[in-house]
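Peer 1: First the structure, which I've put down as structure tokens, then a few questions once you've had a look.
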Amino acid sequence: QVQLVESGGGLVQAGGSLRLSCAASGRIFSTYSMGWFRQAPGKEREFVAACSWSGANTFYTDSVQGRFTIGRDNVRNTVFLQMNSLKPEDTAVYYCAAASKAIPRRSNLVDYWGQGTQVTVSS
């Protein structure tokens with residue numbers, strides 16, 4: 001079992017930045033690929049970013065490429081999402097995700113979810 005707890009969400013103006021963190025506990029964190037998903041009201045949960053167990057390989061959805069950065073610290077058992085140049089369309093609940101078998105670029109690859117943290121970007 002892996003427990004994931006997100007933090008760092010909030011309200012920010014367009015063009016601003018936020019840094020989301022996800023603290024993991026339970027099974028060996030470094031063996032899991034990690035990712036971030038988001039869900040806006042009335043929409044399906046969508047992939048945002050993911051990284052391999054080492055953090056060496058990273059993946060992003062096109063809409064955040066160049067603005068968001070995913071990284072992890074396997075000593076502190078944390079993964080972060082640095083979000084820059086935020087846009088109103090980035091408004092959503094952001095979820096941390098852990099996957100044991102593949103890099104979580106789709107929801108059906110995720111083994112564990114965090115509870116989510118709200119990000120609101122005002123125009």
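Peer 1: Within the stretch 87-95, is there a residue that is among the polar types (S, T, N, Q) and under 22 Å from Val2 (Cβ atoms)? Can you show your working first?
Peer 2: Applying the first criterion (among the polar types (S, T, N, Q)) to the stretch 87-95 yields 91.
So of that shortlist, the ones also under 22 Å from Val2 (Cβ atoms) come out as none.
No; the residues of the stretch 87-95 include none that is among the polar types (S, T, N, Q) and under 22 Å from Val2 (Cβ atoms).
Peer 1: Suppose we filter Arg76, Arg72, Arg38, Arg105 for residues that are within 12 Å of the chain's Cα centre (by Cα), assigned to a loop (DSSP other than H, G, I, E, B) and not hydrophobic (A, V, I, L, M, F, W, C); which single one remains? Give the steps one after another, and end with the answer.
Peer 2: On the way: Arg76 fails: within 12 Å of the chain's Cα centre (by Cα); Arg72 fails: assigned to a loop (DSSP other than H, G, I, E, B); Arg38 fails: assigned to a loop (DSSP other than H, G, I, E, B).
After ruling out the rest, the residue left standing is Arg105.
Peer 1: Would the stretch 105-112 turn up any residue that is crowded, with 17+ Cβ neighbours inside 10 Å and closer than 16 Å to Gln3 by Cβ?
Peer 2: Yes: the stretch 105-112 contains one or more residues that are crowded, with 17+ Cβ neighbours inside 10 Å and closer than 16 Å to Gln3 by Cβ.
Peer 1: For the stretch 85-99, does any single residue satisfy the condition of being part of a helix (DSSP H, G or I) and either of a type in the set (Val, Ile, Thr) or over 17 Å from Gln118 (Cβ atoms) (or both)?
Peer 2: no
Peer 1: May I pose another question? Looking at the stretch 56-75, which of the residues that are within 14 Å of Met34 (Cα to Cα) and either touching a Phe, Trp or Tyr at 6+ places or on another chain (Cβ under 6 Å) or of a type outside the set (A, V, I, L, M, F, W, C) (or both) is most open to solvent (accessible area, probe 1.4 Å)?
Peer 2: Just the residues of the stretch 56-75 that are within 14 Å of Met34 (Cα to Cα), to begin with: 56-60, 69-74.
Imposing the further condition that a residue be either touching a Phe, Trp or Tyr at 6+ places or on another chain (Cβ under 6 Å) or of a type outside the set (A, V, I, L, M, F, W, C) (or both) reduces the set to 57-58, 60, 69, 71-74.
Details: Asn57: 85, Thr58: 57, Tyr60: 42, Thr69: 66, Gly71: 11, Arg72: 36, Asp73: 44, Asn74: 56 Å².
The qualifying residue most open to solvent (accessible area, probe 1.4 Å) is Asn57.
Peer 1: Just give me the residues in the stretch 2-21 being closer than 21 Å to Ser85 by Cα, in a strand (DSSP E or B) and hydrophobic (A, V, I, L, M, F, W, C), in sequence order.
Peer 2: Result: Leu11, Val12, Leu18, Leu20.
Peer 1: Still on this structure, please answer the following. Give me a count of the residues in the stretch 4-35 that are under 11 Å from the mean Cα position of the chain (by Cα), farther than 13 Å from Tyr94 by Cα and either open to solvent by 20 Å² or more (accessible area, probe 1.4 Å) or polar (S, T, N, Q) (or both).
Peer 2: Residues meeting the conditions: 0.
The values are calculated or read from the model by the stated rules, or taken from the named source; none is laboratory data. This is a predicted model, so every value here is computed, not measured. Cβ: placed from backbone, ideal geometry, glycine included. Neighbour counts: every protein chain shown. These area figures cover heavy atoms from the full protein model, side chains too; ligands, DNA and RNA do not enter into them. Shrake-Rupley method; radii C 1.70, N 1.55, O 1.52, S 1.80 Å.
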